[in-house]
Amino acid sequence: MKKVWVDEECIACGACVEVCPEVFKLEGEFAEVKEGADLANERITEAAEACPVQAIHYE
Ligand code: SF4
């Protein structure tokens, strides 16, 4: 993955953090991609699938 981001649809449910805490963190109203996170982590796609509002994107 070259880029991973969370859009404003995020409802802060925490699912992505549960699936992939190495990459995602919950801070305030939105989940975020941790600084310096390994974007090759294979659970990023799982986290995106687990997101109930499809707020996780990657390319
Ligand atoms: S799973 Fe989706 S809605 Fe839930 S905290 Fe993560 S990005 Fe936000």
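The values are calculated or read from the model by the stated rules, or taken from the named source; none is laboratory data. Because the structure is predicted, anything quoted here is derived from the model rather than measured. Please note: Cβ atoms are built from the backbone with ideal geometry, for glycine as well, and neighbour counts cover all protein chains shown. The protein model used for the area step is the full one, side chains on, heavy atoms only, and it has no ligands, DNA or RNA in it. Shrake-Rupley method; radii C 1.70, N 1.55, O 1.52, S 1.80 Å.
Listed by first and then second residue, the pairs linking a residue in the stretch 27-55 that is under 13 Å from V6 (Cα atoms) to a residue that is away from the ligand (no atom under 13 Å from the Cβ), with Cβ atoms under 7 Å apart and 6 or more places separating them unless they lie on different chains, are I44/M1. Within the stretch 11-46, being part of a loop (DSSP other than H, G, I, E, B), open to solvent by less than 40 Å² (accessible area, probe 1.4 Å) and more than 18 Å from E59 (Cα to Cα) holds for A12, G14.
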